[in-house]
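Only one structure is covered here, and it is reproduced in the block below.
The values are calculated or read from the model by the stated rules, or taken from the named source; none is laboratory data. Just so you know, these numbers come straight off a predicted model, no measurement behind them. Positions of Cβ are generated from backbone atoms using ideal geometry, with glycine treated the same way; all protein chains shown enter the neighbour counts.
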Amino acid sequence: MSYDLYFFKHKTQQTSEKDISIYLTANLCPANEQENQWFYENDDTEVYFSFDLNKPETDPETTNSEIYPDFDDTRFSFNLNFIRPDFFGQEAFLFVDQMIGDLGLYVLNPQTEEYLMQPAKGELYKNWSEINARISAQYYGKSEFNYYPLPASNAVWKHNFNRRRIQAQLGSEYFVPKVMVFQAIADRRIITIAVWPESLPIQVPQVDYYFLVKRYQKLFEKVEESGLISTKTFQAHFENFIRDSDAGKIIHPADVNRLHDIFNSIKFDEALSGFAEKLPYNKMVNFRPKDDEEEFSQESMTVLD
């Protein structure tokens, strides 16, 4: 179940198939071996979507030349799944809007009335988001989907989407962790986890648990161990070392020297194995039916800032 768009250009435009292919490769990701698909996947946010170069239509009844005589079908299409966290659309349509504007393309959107348009910024995202919310609510409870509130979900995405920029801003001396989404095995609640390796200087994200990785020398033995500490435990031991900055909450190199022994001696609250497991985003939704209603309410919808 997916959201599809098809791209057209005005006959007066000089934009070629090669131009669009080059644009996608330069601004999104490399094409596959057949050079007919650009599958984008962000390792930090775990968002994915694709553009495809479709084969030419040979059946006159399926072509759009008579319906749109002033336009040419570029044969490029866009695909984004439904029943996904809302941030999938937020990230995907940032690029779609940019591409439409840069190349002057027109869009055929089968999810709405079938006419060509040059959508306003955020219009396609809003359309996908509304449909995605409705379908997510309809399927919630019919399968093993996990509900995570929209504000919390957006906060995870915004941190991960900006992670590389913050890392570049702080430099290699600091570690900027990815926020990972897990599900507690005992009660199926969603929790967030960030890794903190070897008491490195770190940009501290707001999460439920921190996964500490310890490597230190104890007498003649090298010790390697890892485990989870809760936010409460983290704050009790490390709050005094945290400084505010333009890049968020930071533990600086000068403070790491003072907390190193605390880091290595701290007792873990949980072992990751047996406590929680990674939650795939195709099992997480931001919308569900209201408890007292069968239908979904759109009151909590948001659009891109």
Selected residue [among the hydroxyl-bearing types (S, T, Y), touching a helix residue (DSSP H, G or I) at 6+ places or on another chain (Cβ under 7 Å) and surrounded by fewer than 17 Cβ atoms within 10 Å (Cβ to Cβ)] from Y125, Y139, Y216, Y210
Y216
Filter the stretch 219-244 for residues that are in a strand (DSSP E or B) and over 26 Å from A276 (Cβ atoms); which is farthest from the chain's Cα centre (by Cα)?
E221
Search result, residues across the stretch 255-291 that are farther than 24 Å from G227 by Cβ, surrounded by fewer than 16 Cβ atoms within 10 Å (Cβ to Cβ) and modelled with pLDDT of 95 or more:
N282, K283
Filter result for the condition that a residue is part of a helix (DSSP H, G or I), at pLDDT below 95, of a type outside the set (V, I, T) and at negative phi, over E57, E66, E61, E91
E61
